[in-house]
1. The conditions are (1) in contact (Cβ under 8 Å) with a residue 60 or more places away in the chain; (2) part of a helix (DSSP H, G or I), and residue 59 fails exactly one of them. Which is it?
2. Can you tell me which residue among 48, 64 is assigned to a helix (DSSP H, G or I), of a type outside the set (Lys, Arg) and at pLDDT 95 or above?
3. Can you name the residue in the range 109-130 that is surrounded by 10 or more Cβ atoms within 10 Å (Cβ to Cβ) and free of Cβ contacts under 8 Å to residues at least 60 places away in the same chain and, of all such residues, is nearest to residue 38 (Cα to Cα)?
4. Any chance the range 28-41 includes a residue that's in a helix (DSSP H, G or I), modelled with pLDDT under 95 and surrounded by fewer than 21 Cβ atoms within 10 Å (Cβ to Cβ)?
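The values are calculated or read from the model by the stated rules, or taken from the named source; none is laboratory data. Small disclaimer: the values here were computed from a predicted structure and weren't measured. With ideal geometry, Cβ positions are generated from the backbone for all residues, glycine too; neighbour counts draw on all protein chains shown.
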Amino acid sequence: MTANLIVTILFIIVAVVLIVLGMLAATGRLKGNSYIGLRVREVRQEEAVWTQAHKVTGPFSILAGVALLFGAAFAWIASGWLWLAPVVAAVLAIIFLSVGGNMGARTAALLDQAQKAEPEPEPQPESPAVDLDALRRAAGQSDERE
């Protein structure tokens, strides 16, 4: 029963942390820091990239927390083969975090690439060259006829 209690408490603590951080990230309120979040170069350079990448990562963190909550529920009553359920929940949480981190890093790389790409100048239509002397002569001849 002691192992059940310890695993349940650990799963609940980690699940709550993941859910809270996931909600902060998904809503864009997770501020840039050096302790929590994606650790890729592109994310650390620009706050807009940080926010957008973590908005992508946040839901996966929430899913990982929910998986651990299910694992905690099974760990509380686990014995024998039922210990497989918390293990599967922990593996699922790791998979969700890995996929979320990958998606967030890819988002950050794409956003960084888009920001660094210089937009091509739009081609200006060539304005026709006007011979002002010819225009003045034509206007002068027109005035003489009248």
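1. The one condition residue 59 does not meet is (1).
2. Testing whether each residue is assigned to a helix (DSSP H, G or I), of a type outside the set (Lys, Arg) and at pLDDT 95 or above leaves just 64.
3. The qualifying residue nearest to residue 38 (Cα to Cα) is 110.
4. So far as the range 28-41 goes, yes, one or more of its residues are in a helix (DSSP H, G or I), modelled with pLDDT under 95 and surrounded by fewer than 21 Cβ atoms within 10 Å (Cβ to Cβ).
Residue-wise test of (1) of a type in the set (Val, Ile, Thr); (2) out of contact with any strand residue (DSSP E or B) (no Cβ under 6 Å at 6 or more places or on another chain); (3) in contact (Cβ under 8 Å) with a residue 60 or more places away in the chain; (4) more than 19 Å from residue 31 (Cβ to Cβ).
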site	(1), (2), (3), (4)
53	no, yes, no, no
64	no, yes, no, yes
74	no, yes, no, yes
91	yes, yes, no, yes
95	yes, yes, no, yes
101	no, yes, yes, no
